[in-house]
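Asks: Please find one structure pasted underneath; my questions will follow.
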Amino acid sequence: LRVVPVLLRAECEQARVEAERPMLERARRRAREVGVASTSIVRIGHDAAKAILETSIDRQAQVIVLGWKGHTSTARRILGEITDRVVSQAPADIVLVKLVGDTLPSRLLVPTAGGRHALRAERYGADIAAAQGGELTVCSVIPPEPPEELIESEQVRLEATTARLVEETSLQTVASKIIRDHSVIDAIVNETKNHEGVIVGAASQSFSNQILFGSIPDQIAKRANQTVIVVKHYQKVQALFRRILRA
């Protein structure tokens, strides 16, 4: 979906629409290359966020992918005016991408501690790596001197995760790694240097007016020099409950 601002003159609107066609054709061509059916829309409107939300509902979209520069220069915004509204209100999964370079990474790191957003991030990460013919590594961060039972439980959990992803996707193997560090954020940012990108699930408790994705995904996106993808999984019941609490 590409949204362009409203212009007063019809011929100007048409010129803007025509200017979008090369970008849309590139997207369609890329979709054909990977065997994905695609359609394209140029929607003209005053309010880009509203247009995205309405189109996602009209088309019954299950996933909305948004580009992001990794920070916002406006103190009152979290991700940016348009992105804030879409993330907060969309009835679909949100995949937020801070892209470094011209293509999606093929060697992806997925930090995971469980939870619905992390589970969805694992699956999206596996699908992206498979589509790119790349590699996926799932990791867990534990303290430098953990009790033996914590090490064992994390090993079991990661083994179950890698086995599930291999079974559910076209990846032949999925690597796993346990990282020991006092800081989860430092550990992930440092480990990301060994990969082309990182994909992380939103924190389950993060959907407040202050932090949309949680402090860990937010700090990773700001500090990492590689591509960062943040995933928020939409679940209708939880979304309704959050709206009731905010009313």
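The values are calculated or read from the model by the stated rules, or taken from the named source; none is laboratory data. Since the structure is predicted, the reported quantities are computational estimates derived from the model, not experimental observations. When we count neighbours, we look across all protein chains shown, and the Cβ atoms used for this are built from the backbone with ideal geometry, even at glycine. Calculation scope for accessible area: heavy atoms of the full protein, side chains included, ligands and nucleic acids excluded. Shrake-Rupley method; radii C 1.70, N 1.55, O 1.52, S 1.80 Å.
Asks: Residue by residue through region 221-247, note down the ones that are at pLDDT 85 or above and either open to solvent by less than 50 Å² (accessible area, probe 1.4 Å) or within 15 Å of Ala118 (Cβ to Cβ) (or both).
Replies: Hits for region 221-247 are Ala221, Ala224, Gln226, Thr227, Val228, Ile229, Val230, Val231, Lys232, His233, Tyr234.
Asks: Tally up the residues in region 158-170 that are open to solvent by less than 30 Å² (accessible area, probe 1.4 Å) and modelled with pLDDT of 95 or more, please.
Replies: Final tally of qualifying residues: 4.
Asks: Okay, moving on. What are the residues in region 187-220 that are surrounded by fewer than 22 Cβ atoms within 10 Å (Cβ to Cβ), modelled with pLDDT of 85 or more and small (Gly, Ala, Ser), if any?
Replies: Ala187
Asks: Among what's in region 16-74 and is open to solvent by less than 70 Å² (accessible area, probe 1.4 Å) and of a type in the set (Lys, Arg), pick the residue that is nearest to Ala92 (Cα to Cα).
Replies: For region 16-74, the residue satisfying everything is Arg43.
Asks: Here is a check on your reading of the model: is Val110 part of a strand (DSSP E or B), at pLDDT 95 or above and not small (Gly, Ala, Ser)?
Replies: It is true that Val110 is part of a strand (DSSP E or B), at pLDDT 95 or above and not small (Gly, Ala, Ser).
Asks: Across region 20-71, what is the total count of residues that are in a loop (DSSP other than H, G, I, E, B), over 21 Å from Leu99 (Cβ atoms) and of a type in the set (Gly, Ala, Ser)?
Replies: 3
Asks: For the structure I just gave you, tell me whether Ala49 is within 23 Å of His117 (Cβ to Cβ), of a type in the set (Gly, Ala, Ser) and modelled with pLDDT of 85 or more.
Replies: Taking the combined requirement at face value, the residue satisfies it.
Asks: Might you check whether a residue that is among the β-branched types (Val, Ile, Thr), under 30 Å from Ala163 (Cα atoms) and either without any contact (Cβ under 8 Å) to a residue 60 or more places away in the chain or assigned to a helix (DSSP H, G or I) (or both) occurs anywhere in region 79-94?
Replies: no
Asks: Something else: Looking at region 5-19, is at least one residue in a loop (DSSP other than H, G, I, E, B), at pLDDT below 75 and within 30 Å of Ser170 (Cα to Cα)?
Replies: no
Asks: When region 183-205 is examined, which residues are found to be of a type outside the set (A, V, I, L, M, F, W, C) and either under 23 Å from Val97 (Cα atoms) or within 20 Å of the chain's Cα centre (by Cα) (or both)?
Replies: Of everything in region 183-205, those that are of a type outside the set (A, V, I, L, M, F, W, C) and either under 23 Å from Val97 (Cα atoms) or within 20 Å of the chain's Cα centre (by Cα) (or both) turn out to be Asp186, Asn190, Glu191, Thr192, Lys193, Asn194, His195, Glu196, Gly197, Gly201, Ser204, Gln205.
Asks: Here is a check on your reading of the model: is Arg180 open to solvent by 20 Å² or more (accessible area, probe 1.4 Å), modelled with pLDDT under 90 and either within 19 Å of the chain's Cα centre (by Cα) or of a type outside the set (A, V, I, L, M) (or both)?
Replies: Criteria not met by Arg180.
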